[in-house]
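One structure is given here, and the rest of the page talks about it.
The values are calculated or read from the model by the stated rules, or taken from the named source; none is laboratory data. These figures come from a predicted structure and were not determined experimentally. When we count neighbours, we look across all protein chains shown, and the Cβ atoms used for this are built from the backbone with ideal geometry, even at glycine. The area values use the complete protein model at the heavy-atom level, side chains included, leaving out ligands, DNA and RNA. Shrake-Rupley method; radii C 1.70, N 1.55, O 1.52, S 1.80 Å.
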Amino acid sequence: MSSVREWSDDAGALRRFGLALVRDDRFVFDDVAACALIDKLFRQASLTLVDCPGGDRRAARVRAFAQFVRLYRRHARRLAVDEDGGWIETPPSSCGSAAVGVRGLPLELREALLLVVLAGFTHREAAEALDLPLAVVIDRLVRARTRLAVHMAASRDAAAAWPQSAHLRIVK
Amino acid sequence: MTGRADPAETLAYVDDCLDPEARSDFEARLKVDPELRREVAQWESQNRAIRAAFGAPPRSALDFGDASNENAVRRGGEAARSIGGAAQPFGQARSQRGATAPIAKSRPARLGATARRVVGAVALAAAMVWVGLPVLTPRPPAALLAAGASAARALADLPVEFVAGDPAALAQRLGPRLALTPPLAPGLQLVGARLAPSSQATATLYLYENSHSARVALMVEPLDEIGAAPAQHGEVDGLSVAAWTGAGYGFVAAAAEDADVAALVAAAGADDNSVADADSQRR
């Protein structure tokens, strides 16, 4: 029954990755909405995990994550088109935490970063799951980390300067 | 970025994607380059912040052979903590007490601590010889076995709700928690599955047919935080039944013939040895 345990491990990692990916503070604002969307996408993506008796576990894992990313890209593209006809980058939030910084990243950077850091994929596996060349994935990782570092440094500076700069707005 | 190291290589080191040779080369450069060390520390700190922000367990330095498996990494971290000497307040207290000088005090003649332990051990051994050794192996819950037997008796001969010809559709209908890859036993043909009430939650009842077209049932119930227990065989109302637990699930195989149950138990790998191995691996 070790395959059952491995399958549940992968399912847990996929769910965690999904929850981090779909919370973008643009279309999905809270955990309840994220969970509802995850349940829908997860059920479809996990079929690739279930339907591989005796297969290579690593390949099944990459397939499941790739399927999830594809489903979410399709979902997000539809929402973006419904809203304003184009893909818009999420405006960066002023709130300072790693989670908010990640949510502020564009989807293409966010999915690469979360696959590697949160789901524990190697760069090559991430490239396979995202169906991209390895160089593109590495470039996205560098950009994502640099932007996230800038965001976190800015939020740290803002938090340090807060007592001096904060003031109440006068409302007449 | 420093310009001394390729950013891609630095990221590959931080994300543990370098092969051993390249890794040792990079670590050699890391020793002599403080700027590179600072950069690596920055990315590692960012990784930790992201993992903590989304509730993922921290990565351990121990390699358990499958770096992608987060639970294995978590188990590795727990093992490292226990090996590395976590805080043991009671042990420390005992050793401190032992280090102090004994207080000479005249007391009435009583058995010492060692003598009391010896007497206790002798009494326990005598009781075990008299009564018999207790069963120390883990056992599946009795309610699980009863629920599996009831479900098999009531539902096994009814038409299946989900046919086995399409495992993808089966999984989609049942959901990820209930849909597992059912074991395929020699001589048994998987017919389909039904949902069934069980001891604590809804379970999946996989139905097979043997060579005489008699139904054989395997109930799988998701159970949170249950330890692995080897198959326990029994007979309930003329049905041969075996129940076991493992991997967060409870399993009950039920059939009219013992051979069919034994085939399912063997196909599921629920004999004593494999369950003991799985349990020791988890620890």
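Scanning region A:136-145 for residues that are open to solvent by 20 Å² or more (accessible area, probe 1.4 Å) and facing another protein chain (nearest Cβ under 8 Å) yields A:Ile138, A:Val142. Considering only residues in region B:1-41 that are open to solvent by 70 Å² or more (accessible area, probe 1.4 Å) and at the interface with chain A (Cβ under 10 Å from one of its Cβ atoms), the one that is farthest from the chain's Cα centre (by Cα) turns out to be B:Met1.
Residue by residue, here is whether (1) at positive phi; (2) at pLDDT below 80; (3) open to solvent by less than 70 Å² (accessible area, probe 1.4 Å) holds:
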residue	(1), (2), (3)
B:Ser106	no, yes, no
B:Thr114	no, no, no
B:Ala125	no, no, yes
B:Ala164	no, yes, yes
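Applying the criterion of being on the phi < 0 side of the Ramachandran plot, away from chain A (no Cβ under 12 Å) and surrounded by fewer than 16 Cβ atoms within 10 Å (Cβ to Cβ) to the residues of region B:237-277, the residue that is modelled with the lowest pLDDT is B:Ala276.
Against the condition at pLDDT 80 or above and surrounded by fewer than 23 Cβ atoms within 10 Å (Cβ to Cβ), how does A:Val116 come out, does it pass? In short, no. State the number of residues belonging to region B:181-190 that are more than 14 Å from chain A (Cβ to nearest Cβ) and open to solvent by less than 40 Å² (accessible area, probe 1.4 Å). Count: 1. So is A:Glu108 within 8 Å of chain B (Cβ to nearest Cβ) and open to solvent by 10 Å² or more (accessible area, probe 1.4 Å) or not? The answer is no for A:Glu108.
Pairing each residue of region A:104-123 that is on the phi > 0 side of the Ramachandran plot with any residue that is modelled with pLDDT under 85 and open to solvent by 10 Å² or more (accessible area, probe 1.4 Å), provided the two are 6+ apart or on different chains, yields C-beta distances under 7 Å for A:Gly120/B:Ala67; A:Gly120/B:Ser68; A:Gly120/B:Glu70. In region A:13-41, the residue that is modelled with the highest pLDDT out of those that are facing another protein chain (nearest Cβ under 7 Å) and open to solvent by less than 30 Å² (accessible area, probe 1.4 Å) is A:Ala20.
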